[in-house]
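Step one of this worksheet: look at the structure below.
Read-outs: derived from the displayed coordinates by stated rules, not from any lab. Predicted model, so just to flag it, every value in this text is computed and none were measured.
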Amino acid sequence: MHIALMKEPFERLQQARKEAGFADAADAAEALGIPLPTYFAHENGSRGLSRSGKRYADFFKVSLDWLVGGKGPARPKQARAEPANVVPLVGYVGAGAETHFFGEDGQLDEVNAPDGSSDSTVAVEIRGDSLGTFFDRWLVFYDDVRRPVTTDLINKLCVVGLDDGRILIKKLQKSRTKGHFHLLSQTEPPIFDARIEWAAKVKHLVPR
């Protein structure tokens, strides 16, 4: 059913969560930092959204008026952005596939934007063989939108921010420990059961 046809707040909450990439309500509750029983009660309609409505609307990127009252569109239409011609080069990937950012302004240079780039797309340069011997001096493009891990990122190469402050480029794999993930690469030992603050899928790998 289309997101605009939901009649009750709890139905709209369910659909907003799915549209945001959370197939499992438990994963959404954990990402939100809300106790599971509380979130489940909101999703099954046994409790009203009340003061939690704004938090859900902000997190799932939907209109509060739509979520709580069914008024207006779920997401207001935005003007179509012109494709970017260049994107900022903000850092480099060194040993251990760790990302290092340049300076206080966060930008050293600009590079040609690949297809599908947006206003949030940035690039980092690979230095050395941290992602494989063939990728020295290649560019990694990703959208710098720092959101919790969603199910569509599992088994994908991602830029990930760990809870210890490191930012790595690794393939994500789900762990048996809830809320943790394994981080894999071809050239480095795996990192097991890592806690990830945010993740963004690598959109392109391009030789410079």
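In this structure the amide hydrogen of residue 204, modeled in the peptide plane, comes within under 5 Å of the amide hydrogens of 141, none closer than 5 places in sequence on its chain. With coordinates expressed along the principal axes, the C-alpha atoms belonging to region 103-170 extend over 31, 30, 28 Å, beginning with the largest. Setting aside same-chain residues fewer than 8 positions from residue 203, which lysines have a Cα under 28 Å from its Cα? Here the lysines satisfying the reach criterion relative to residue 203 are 18, 61, 77, 156, 170, 171, 174, 178.
Around the amide H of residue 121, modelled in the peptide plane, lie the amide H atoms of 144, all under 5 Å away and 5 or more residues distant in sequence or on another chain.
Only Cα pairs under 8 Å and 6+ residues apart enter the sum, and on that basis the relative contact order of the chain stands at 16 percent. Helix 9-19 versus the longest principal axis of the chain: what angle, 0 to 90°, nearest 10, using Cα atoms? Tilt relative to the chain: about 20 degrees.
Any idea how far the Cα center of region 10-49 sits from the one of region 106-147, in Å? Cα centroid to Cα centroid, the span is 34 Å.
Binning the alpha carbon pair distances of the chain at 10 angstrom intervals from zero yields the distribution 8, 29, 29, 22, 10, 1, expressed in whole percent.
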